[in-house]
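Q: One structure, as C-alpha cells, below. Some questions next.
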Amino acid sequence: MTMIGKLFFGPFRPSIEALRPVLYRIAYAWCHDAALADDLVQDTLSKAWTRRAQLRDEASLKAWVVSIMHHCWIDHLRSRRDFDDVELWQDTLESPTESPEACCNREQVIACVRAAVARLPLGQRQVLTLVDLEEFSYVEVAGILDIPVGTVMSRLSRARANLKTLLDNTMKQPAAESLLRRVK
Amino acid sequence: MNAAVSDETLHAFIDGELDVAECEQLLARMRNDEALSRRACALRSLKSMVRLAYTKPPAAAARAARALPKQRLVQRCAYACLVLLAGLSSGWALRGLEAQVATKVPATLPGGYQMISLGGEPDPSRVMLHLDSSAPERMLTALDQAERLLDEAEREGRAMQVEIVANSHGIDLMRAGVSPYAARMAKMTQRHANLQWVACSQTIARFTSQGQNVELLPTARAAPTAIGEIVTRLQQGWTYVRV
C-alpha cells in the first residue's frame, strides 16, 4: 500500500527532471561555477525525488524544488568553510570570479553582468536571480529562502542598486579610453 | 499622490507585483514625469540584462551515467506496466471513436492562407477571419469566405462558428455609412446565427481622435483590442485565417 501510495502521490519523475535546466541556470547564477552548479542540481533533484510525497500542491513544484536547492547550497557552503553563522555572511559573501573591471569589452556585456552579479552579497544575489531569471513573485521568493517578504524587497532593492553601480563603473571605463584616444 | 515614487515601488512595478490600479496610477504619473519613466526604464533594462546574462549558462562537463539503484528499477518497471495497461485499455475504449473522427472533414481553406492555433489542434469548425485592409477585394474575400464556410457547414449539417475581426482600415467594413457591403452583411447575419462581426476599439479610438466619426453597423460589436480578441480565440482553439 505504501509502495503504491509513493508511486501515485507526488510529482512524477519526468516533471521533476524537466526542471533541470531551470535549476542549473539558477545554481550557476548563485555560484558561478559550472561543476559546482551541476552538483547542486544533481543533489537537489535526488532530494526532491526522495521527498516528493511531502509536496502538497503540484502547482508550486518549481518553488518547492528551488527551496530544496537553496538548502543544498547553504549546506554546501557550511561544509566548505567553517562559518559560525550563515546569517553573518548572508550579506557579505561574494563568489570567486574575476572583478567586473577585468572585462569591459562591449562584446562581453554578458560576462560583465555575470561578474557584477557574482560580486553581490549572497543574499542579494539569490533574491535577484530568483526574481529576474525565473519571475518568481516576492511571496514565492520569501517562501523559498525562508525570509520575510519585506527582506526580499529590501534585498532586491539593494541588489539592483549595487549592480547598477558595479556595471556603471565597468561600462564607463572603455568610454573614457576611447575619448582619450580621440584627443591624441 | 505627489510624493516621490520609492525605488521599492518601481521594483515592484517592473516585477509585476503591483495590482492593476496601482499600475495604472504609476503609468499615468510616468506619462507626465520623464525622470520617473527614465528610472523605470533603467531598472527594466537592468533586469533584462541579468536575464540575458544567464539565458545560456556554460554547460558543466558531462557526468558519467549513474547506474540506477534496484528500487528505482522496480519502480520503472511498475510505471512501464501501468503505461502499457493504460494504452491497451484506452485503445480498446476508443476503438469506436476512430470512425467518427475520420468523417470530420476539415473545412477547406484557399491556398496561400496559413492556419495557426495556440490551443494545439486548430478546430476547423470555429474560424476567425482577420481583416486589416479596406481594399474592396479583401473585404469581398472575407465575406465570400465566411459565407462559403457557413453554407458548406449548413449543407453538410455540421456546426460552424465564424467571426470576422477587423482592425486598422479593415474596420471600414463595419462602419455604418462607410461599409460598401452593409446590406449583404445584414442579410448574412440574418441567415447565420453563428456569424459574428467584431471591431477593434483601439482602432475606433484612433479614428475618433483623428476627427472621424466612427459608428458601427448594428450587427457589429466592439472588442477592447483586435489582437486580444484574436489571441483569446486562438487559445480557445479557433482557427485563424488572415484575409
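The values are calculated or read from the model by the stated rules, or taken from the named source; none is laboratory data. Since this is a predicted model, take the numbers as computed values, not measurements. Because the Cβ atoms are built from the backbone with ideal geometry, glycine has one as well, and the counts that use them run over all protein chains shown.
Q: Could we say that B:Gln236 is in contact (Cβ under 8 Å) with a residue 60 or more places away in the chain and exposed (fewer than 15 other Cβ atoms within 10 Å of the Cβ) here?
A: Answer is yes for this residue.
Q: Does the stretch B:178-186 contain any residue that is more than 21 Å from B:Pro122 (Cβ to Cβ), hydroxyl-bearing (Ser, Thr, Tyr) and part of a helix (DSSP H, G or I)?
A: no
Q: Among (1) crowded, with 16+ Cβ neighbours inside 10 Å; (2) at pLDDT below 75; (3) basic (Lys, Arg), which single condition is B:Arg126 missing?
A: Here B:Arg126 clears every test but (2).
Q: Right, another one. Which one is surrounded by the fewest Cβ atoms within 10 Å (Cβ to Cβ), of the residues in the stretch B:151-169 that are within 22 Å of the chain's Cα centre (by Cα) and among the hydrophobic types (A, V, I, L, M, F, W, C)?
A: Per the criteria, the residue is B:Ala159.
Q: Let me ask something else about it. Only one of (1) at pLDDT 85 or above; (2) away from every other protein chain (no Cβ under 12 Å) is not met by A:Val149, so which one is it?
A: (2)
Q: Kindly check whether there is at least one residue in the stretch B:135-154 that is at pLDDT 85 or above and not in a helix (DSSP H, G or I).
A: Looking for residues that are at pLDDT 85 or above and not in a helix (DSSP H, G or I), one finds at least one in the stretch B:135-154, hence yes.
Q: On the basis of being surrounded by 14 or more Cβ atoms within 10 Å (Cβ to Cβ) and either modelled with pLDDT of 90 or more or charged (D, E, K, R) (or both), does B:Glu17 make the cut?
A: yes
Q: Next up: How about the stretch A:57-121: which helices (runs of 4 or more DSSP H) wholly inside it have at least 3 residues that are within 16 Å of the chain's Cα centre (by Cα), modelled with pLDDT of 55 or more and not charged (D, E, K, R)?
A: It comes to A:61-80, A:109-119.
Q: Next question, about the same structure. Kindly evaluate B:Arg158 against the criterion of being closer than 22 Å to B:Leu234 by Cα, modelled with pLDDT under 85 and in the same structural domain as B:Val231 (by TED's automatic domain parsing).
A: Yes, satisfied.
Q: Residues that are within 20 Å of the chain's Cα centre (by Cα) and small (Gly, Ala, Ser): list the strands (runs of 3 or more DSSP E) wholly contained in the stretch B:189-243 that include at least 1 such residues.
A: Because the criterion is at least 1 residues that are within 20 Å of the chain's Cα centre (by Cα) and small (Gly, Ala, Ser), the strands (runs of 3 or more DSSP E) in the stretch B:189-243 that meet it are B:195-200, B:220-223.
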